[in-house]
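Please treat every number below as a calculation from the coordinates, not as lab data. Small disclaimer: the values here were computed from a predicted structure and weren't measured. All Cβ positions, glycine included, derive from the backbone under ideal geometry; neighbour counts span all protein chains shown.
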Amino acid sequence: MTVNKKRILQGVLLAVGIVFNIWGILTLVQTAGHDAGISVGLTYMDGIPHIIHKYVIVVILMMIGILSLSNWAAQLTGKKRNVLSIVFCAYSTILTIPLFLTFVLCFFVAGGVFSWDMVDMICLDLMDIFGTPGAYYTIFTLGTLMGAVFLAVPIISTYCTVKNIDLLSVILTKLKLKKPTENKDSQNSDTQPSADQDDKDKNDK
């Protein structure tokens, strides 16, 4: 990739990351602050009937923004890349923990052993949409798994970026879809006798 194309890609990733993160945060404030009369001007969110649908929009916007910033950081080099990758990973983790905990707590809210206004709203909305216990408990499970994945992937990705590990190559190698890189010098030393060994064999003869 030429320098100009790389810079254009970095610029696009940075711009998309900033725009979608700001948009996502404003959408979150509009959604969470609606009942308290807080508005940031995104009034179209108020017309969405189910609160869970609003939070799905928030998750999608934030996911696009965070992935764009993470990929932008990965395009950099040296200390800047490592520091920014860690910063964005921490940012992603802080935002994802409430998502993960909400789905976990939904099990307890639905079972009547826990109550908290924000979780109650989401849980009751899901119960209203899906109707039967089998359906909404399945959604709670899938949501919990999704939250766990959203927590794990940025952490693993950041670790690989900082340690210069090509995770895709490692996975393909483990799945035996890609042959591991072999050291040719090592192969040559294994298959060809050394000069000292040749001299020793001649002396023995």
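Using the beta-carbon distance between Thr138 and Lys5 and R0 = 45 Å, what value does 1/(1 + (r/R0)^6) give for FRET efficiency, to the nearest 0.05?
Details: r = 45 Å, r/R0 = 1.00.
Efficiency computed from Cβ-Cβ geometry: 0.50.
Students often get this wrong, so check it: of Lys6/Lys163; Lys80/Lys174; Lys5/Lys80; Lys6/Lys80; Lys6/Lys174, which have C-alpha atoms separated by over 26 Å?
Lys80/Lys174; Lys6/Lys174
Tell me, what is the FRET efficiency for Gln75 and Leu42 to the nearest 0.05, using R0 = 25 angstrom and their Cβ-Cβ distance as r?
Details: r = 31 Å, r/R0 = 1.23.
Once the sixth-power term is evaluated, E becomes 0.25.
Extension gain Val19-Val162, at 0.36 nm per residue separation less the Cα-Cα distance, in nm?
48.9 nm
Within the set of other residues whose C-beta is less than 12 Å from the C-beta of Trp72, count the net charge using Lys and Arg as +1 and Asp and Glu as -1.
+4
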